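Notes for the one structure printed next.
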Amino acid sequence: MRFATLLAFATLLVGCAGFQPPPASDTYVAPAFSKPQRGSVIIVLPPQAQFPEFADGQDVVEEELIRLLVEAGYKVQRLVRKDFAVAWREEVLAVGGVFDAASGQRIPGRYEEALGRLARRVVDDPTNTIVLGSRLVLRPATFYGASAQWDGQTRSPRSAQFTGSPVMWSGTTKGLSLELTAVAPNGQRLFTTYGGLALPYRTDIARAEMELRSDTFAHHIEISQGTAVALRALLTGRAN
């Protein structure tokens, strides 16, 4: 998978230092959803990377998801990735595919439909149980001075050269986010939320090019903070 070159050029800062990153505009929470009680069962499906470049982060994010949910008092069950892959392939085929063959884009509603079918398949006790699907996805991030902001997070871009002073940026780049979709045992979607994990590209200033970082998942605090943002609906009862 080749990505369009993502370029950002140094500019003067235009007074945005105090700007707070907004929540994702496409966050969805069902009107009837409420935070489950402590002791409820959360079935965590293995995270899926949108692109193979980010597959190394799947296990890292899964462990952080489980840790935060257990700390919040939930009973967590995980699906083995091999078993999940087989079941997921069958449910995707049953709904006619999740991605459009021509454009490569997700077909609206198909992912949620397949996830709902899978929920009905794996839940034994429908009482106080939620199935949590997760994806590592690229999302638009906007530069504000020396930082980029997206999906409730603020991060400082990295560059291949040390300039001796903060670099001020303008324009947009791509941020890596955790997308969570929760469904009830009957297949109803409960919420879809996002949390910014990391900026996976760094700038080679000398060549004016963006390159993929090799340490995207090496900073635990970034992964933990982004995962917590995506989990707000289950941790605090609020998505924003």
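Does any residue of the stretch 87-95 turn out to be part of a loop (DSSP other than H, G, I, E, B) and in contact with a strand residue (DSSP E or B) (Cβ under 8 Å, 6 or more places away or on another chain)?
Within the stretch 87-95, the first condition is being part of a loop (DSSP other than H, G, I, E, B), and the residues that meet it are 95.
If we keep only those that are in contact with a strand residue (DSSP E or B) (Cβ under 8 Å, 6 or more places away or on another chain) as well, we get none.
No, because not a single residue in the stretch 87-95 is part of a loop (DSSP other than H, G, I, E, B) and in contact with a strand residue (DSSP E or B) (Cβ under 8 Å, 6 or more places away or on another chain).
Annotation note: of ARG38, ARG89, ARG81, the sole residue that is out of contact with any Phe, Trp or Tyr (no Cβ under 6 Å at 6 or more places or on another chain), of a type in the set (Lys, Arg) and either at pLDDT below 85 or surrounded by 13 or more Cβ atoms within 10 Å (Cβ to Cβ) (or both) is ARG81. Taking the criterion of being modelled with pLDDT of 90 or more and small (Gly, Ala, Ser), the residues of the stretch 153-186 that qualify are GLY175, SER177, ALA182, ALA184. For the stretch 43-63, the criterion of being surrounded by 13 or more Cβ atoms within 10 Å (Cβ to Cβ), in a helix (DSSP H, G or I) and in contact with a Ser or Thr (Cβ under 6 Å, 6 or more places away or on another chain) is met by none of the residues.
The values are calculated or read from the model by the stated rules, or taken from the named source; none is laboratory data. Fair warning: this is a prediction, and the values are worked out from it, not measured in the lab. Cβ sites come from the backbone with ideal geometry, for glycine too, and all protein chains shown count toward neighbours.
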